[in-house]
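Structure, as structure tokens:
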Amino acid sequence: MSVYPADRVTLREVGLRDGLQLAKALPSTEAKRAWLAAEAKAGVRHFEVGSFLPAARFPQFADVDEMIAAAEALDVHSAALTLNERGAEAAIRTDVREMVCVVSATEEHSQANARRSRDEAVALVGRVVAMRDAEAPGKLVNAGLAMALGCSLAGAVDPDEVLRLAGACLEAGADIVGIADTVGFAGPRAVGRLCAGMTRLCGDRPYIIHLHDTRGMGVANAAAALDNGARVIDASLGGLGGCPFAPGATGNVVFEDIVFLAESMGFATGIDLEALREARAIAEGAMPGEVFHGAMHRAGPPPNMPWRAN
């Protein structure tokens with residue numbers, strides 16, 4: 001899959017979607033465009049830019065069409081959340097390149113969050129694939145497995161059940177699947193074990209690992225994922241984000257720190273760490289009162305090492 005090449009690490013910036021999910025200070029569309037452009041200039045090429053949700057309830061995503069158009073103008077890969085057929089229909093009418101569906105790894109979370117069973121959620125993935133095939137064959141369908149490494153309602157999650165669901169989503173036609181430590185329960189051993197299983201399941205096909213830094217394990221978990229075959233990692237600028245199912249969560253794993261991690265492990269990202277400072281300044285200025293995280297931003301890249309993108 002050329003969008004997510006298997007021979008290199010791809011970092012997906014989810015700050016403009018997951019990072020704004022619970023934000024109290026919302027950036028304007030103009031600020032979001034500037035943020036997107038600054039990160040694209042720094043070498044970031046994959047972005048979740050919003051969700052197809054009712055604007056009255058989720059005003060932070062009311063401009064999703066405009067953000068998709070902005071991403072297209074910059075020729076970067078755009079993705080957006082499509083939680084039902086209505087969202088998929090709306091996405092198909094835009095230039096968004098990737099439609100993201102969500103399947104819960106536990107029955108308890110699926111019923112509480114989406115009021116559908118896991119089997120019904122997998123069937124929905126199949127319907128979105130059919131819609132895509134009929135009307136917009138160039139788009140990707142991504143099936144993300146929430147609570148894949150621990151559930152706020154069910155507790156421990158059987159990794160074999162996660163692999164079964166991932167396989168079912170692929171059989172339903174998803175182009176790529178993802179596994180999410182939604183509430184930040186996992187440590188490196190669990191992440192490594194599940195990623196090893198996903199690597200066996202997917203073979204040459206890429207899969208996504210989505211990490212939260214709720215308990216300070218984000219960077220260590222990302223390293224374990226890379227060591228066990230993961231090549232696509234979600235992160236957000238400044239670690240923005242949160243989860244309604246994880247009170248006190250600090251947000252997603254920090255994008256800048258994951259760039260440094262990948263480069264330090266020998267995976268070229270093509271992203272200029274110093275140039276990300278401009279994007280961060282834009283986001284911080286547009287979101288007063290929001291807490292931004294990141295050891296790399298605080299300490300800076302090592303001065304004697306080549307961390308600028310080539």
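Each reported figure results from applying straightforward, stated rules to the coordinates on display, with no laboratory input. Remember, predicted model here, so these are calculated numbers, not experimental data. Cβ placement follows ideal geometry from the backbone for every residue including glycine, while neighbour counts extend to all protein chains displayed.
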3J(HN,Hα) from dihedral phi, segment 112-128, Karplus parametrisation 6.51/-1.76/1.60, rounded to Hz, x for glycine, proline:
6, 8, 10, 6, 8, 6, 5, 4, 5, 5, 5, 4, 4, 4, x, 5, 5
Within straight-line cross-link reach of K41, aspartates and glutamates at Cα separation under 15 Å, skipping those fewer than 8 residues along the same chain
E13, E72, D75, E256, D272, E274, E278
Toy charge model, Lys and Arg Cβ at +1, Asp and Glu Cβ at -1: the chain dipole around Cα centroid in debye, rounded to 20, equals 260 debye
For V157, the residues 5 or more places away or on another chain with a placed amide H closer than 5 Å to its own amide H are G150, C151
In segment 45-120, the trypsin sites (Lys or Arg not before Pro) that fall in loop regions by DSSP, at most 12 other Cβ within 10 Å:
R57, R93, R115
Exposure-ranked with fewest Cβ neighbours within 10 Å first, R33, R127, R12 stand as R127, R33, R12
Among L20, M67, L140, the residue whose Cα sits farthest towards the positive end of the charge dipole of the chain (+1 at Cβ of Lys and Arg, -1 at Cβ of Asp and Glu, taken about the Cα centre) is L20
Over the Cα atoms of segment 42-173, what is the Rg over Rh ratio if Rh follows Kirkwood?
0.99
So what are the ³J(HN,Hα) numbers for segment 41-58, from phi and the Karplus equation (6.51, -1.76, 1.60; θ = phi - 60°), rounded to whole Hz, Gly and Pro as x?
4, 6, x, 6, 10, 10, 9, 8, 10, x, 9, 8, 10, x, 4, 5, 9, 10
Contour minus Cα-Cα distance for A275 and A112 (0.36 nm per residue):
54.6 nm
Segment 69-141-segment 150-195 distance, computed between alpha-carbon centres (Å)
18 Å
Which whole-Hz ³J(HN,Hα) couplings does segment 101-106 yield from phi under the Karplus relation 6.51 cos²θ - 1.76 cosθ + 1.60, θ = phi - 60°, glycine and proline marked x?
9, 10, 10, 7, 6, 10
Looking at segment 140-238, what % of its DSSP beta bridges pair antiparallel, to the nearest 5?
10 percent
Debye intensity ratio I(q)/I(0), log10, the chain, q values 0.10 Å⁻¹ (C-alpha model):
-0.49
Partners for K24 among lysines (Cα-Cα distance below 17 Å; same-chain residues under 8 apart left out)
K32
For the chain, what's the relative contact order in percent, using C-alpha pairs closer than 8 Å and at least 6 residues apart?
21 percent
Please list the non-local residues whose amide H lies under 5 Å from the amide H of R12, H modeled 1.01 Å from N, same-chain partners needing a gap of 5 or more.
I233, D234, A235
Taking the dipole about the Cα centre of the chain, with the C-beta of Lys and Arg at +1 and of Asp and Glu at -1, give me whichever of A166, P54, A220 is farthest to the positive side.
A220
Packing-based exposure ordering (other Cβ within 10 Å, fewest first) of S117, S110
S117, S110
